[in-house]
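> Can you keep this structure in mind? I'll have questions shortly.
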Amino acid sequence: MKTIQDKYVLANGTKMPKVGFGTWQIPNGEQAYNSVPMALKHGYRHIDTAAAYRNEESVGKAIKDSKIKREDIFLTTKLESHIKTYEGALEAFEKSLKELDMDYVDLYIIHAPWPWSEMGKDCSEGNVLAYKALEKIYKEGKAKAIGVSNFSVKDLENIMKHCEVVPHVNQISYFIGNNQKEVDDFCKKHNILIEAYSPLAIGYALSNEVIKNMAVKYQQTPAQVCIRYCIQKGTAPLPKSTHESRIIENSHLEFEISKADMDILDAIKEDPRKWN
Ligand code: A2P
């Protein structure tokens, strides 16, 4: 079986394909409508969108038009980061369902612990209110799993202290050189699956010499090394591309990085976004 069709089992038993297709920065309309079917054609069964990406409409339509059974696709969307009220979150979820033209999603998550325009602001109370709405949505079966994104250990502890359902996932920026050990350790301890967004460091990791040499050694590409690294760390990478050749490349992950080489990649501490 292809690695992208292997599945993680979340804490509540929901199965999630290990590799997702990220749609951040893929505009609504033609681009999103064309790239999602490309991913589906090449075996991806996990699609990640968000209300803030403004492409839910095309992503949902592409999934429907693919004729692949809905239950064979794992679909995530996200609550916009500035919505920190119970009612606001319920309303936003219904709006997302309408945009997607779906009656459920597989995963619904809070996009960030603070509004993007006020990064770092303490929204502890609002996060609890929003998460309680997600719990209601989950209990009604309209989301098969729920979680958060960009949450620190402190943000996660706040939810776990005041809410009932331990988040099933935490989607964070995660790539070689930025493997967020503190959050990763905490999530592993509490059976919260880490989803790795920007597994290629938005492309910057691909020009790193260590990664390039590793790719030659394994007869793979730097992108494949980056994505495979995330899987071997027990996270679910969400590579994004609008090019079919890259979508295909990013789906071929049938190789194993040795423990010694994983240690070498782990030792890269500098954020590759600064390498260029
Ligand atoms: P494009 O969409 O033009 O293919 P990340 O997933 O870390 O956010 O990285 C996404 C960026 O990396 C995008 O700019 C994407 O460009 C590029 N990209 C995705 N896959 C590959 C690949 N296999 N080789 C080179 N660049 C890639």
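The values are calculated or read from the model by the stated rules, or taken from the named source; none is laboratory data. These numbers come from a predicted model, not from an experiment. No Cβ is skipped: glycine too gets one built from the backbone with ideal geometry, and neighbour counts run over all protein chains shown. Just the protein is used for accessible areas: all its heavy atoms, side chains included, with ligands, DNA and RNA removed. Shrake-Rupley method; radii C 1.70, N 1.55, O 1.52, S 1.80 Å.
> Surrounded by 17 or more Cβ atoms within 10 Å (Cβ to Cβ) and farther than 21 Å from Val169 by Cα: which single residue out of Val36, Val105 fits that description?
It is Val36.
> Output the residues belonging to segment 207-236 that are away from the ligand (no atom under 15 Å from the Cβ), among the hydrophobic types (A, V, I, L, M, F, W, C) and within 15 Å of the chain's Cα centre (by Cα).
Selection gives nothing.
> A further question follows. Listed residues Lys69, Lys84; which is at pLDDT 95 or above, among the basic types (Lys, Arg) and in contact with a helix residue (DSSP H, G or I) (Cβ under 6 Å, 6 or more places away or on another chain)?
One residue alone meets the criteria, Lys84.
> Quick check on segment 187-205: of everything there that is open to solvent by 30 Å² or more (accessible area, probe 1.4 Å) and modelled with pLDDT of 95 or more, which residue is nearest to the chain's Cα centre (by Cα)?
Per the stated criteria, the residue is Tyr197.
> Okay, moving on. Given the structure, is Lys259 open to solvent by 60 Å² or more (accessible area, probe 1.4 Å), on the phi < 0 side of the Ramachandran plot and either in contact (Cβ under 8 Å) with a residue 12 or more places away in the chain or within 15 Å of the ligand (Cβ to nearest atom) (or both)?
In short, no.
> Test each condition in (1) without any contact (Cβ under 8 Å) to a residue 12 or more places away in the chain; (2) within 16 Å of the ligand (Cβ to nearest atom) for Ser173 and report the one that comes out false.
(1)
> Moving to a separate point now. Among the residues of segment 63-83, how many are more than 20 Å from Asp6 (Cα to Cα), surrounded by fewer than 23 Cβ atoms within 10 Å (Cβ to Cβ) and among the charged types (D, E, K, R)?
Of the residues in that region, 4 qualify.
> Here are some conditions: (1) away from the ligand (no atom under 13 Å from the Cβ); (2) at pLDDT below 95; (3) crowded, with 20+ Cβ neighbours inside 10 Å. Lys181 meets all but one. Which one does it not meet?
Looking at each condition in turn, Lys181 falls short on (3).
> If you take the residues in segment 125-177 that are crowded, with 18+ Cβ neighbours inside 10 Å and hydroxyl-bearing (Ser, Thr, Tyr), which one is nearest to Glu94 (Cα to Cα)?
Tyr138
> Let me ask something else about it. Of these, Gly20, Gly13, Gly60, which one is more than 16 Å from the ligand (Cβ to nearest atom), surrounded by 18 or more Cβ atoms within 10 Å (Cβ to Cβ) and either on the phi > 0 side of the Ramachandran plot or under 18 Å from the mean Cα position of the chain (by Cα) (or both)?
The match here is Gly60.
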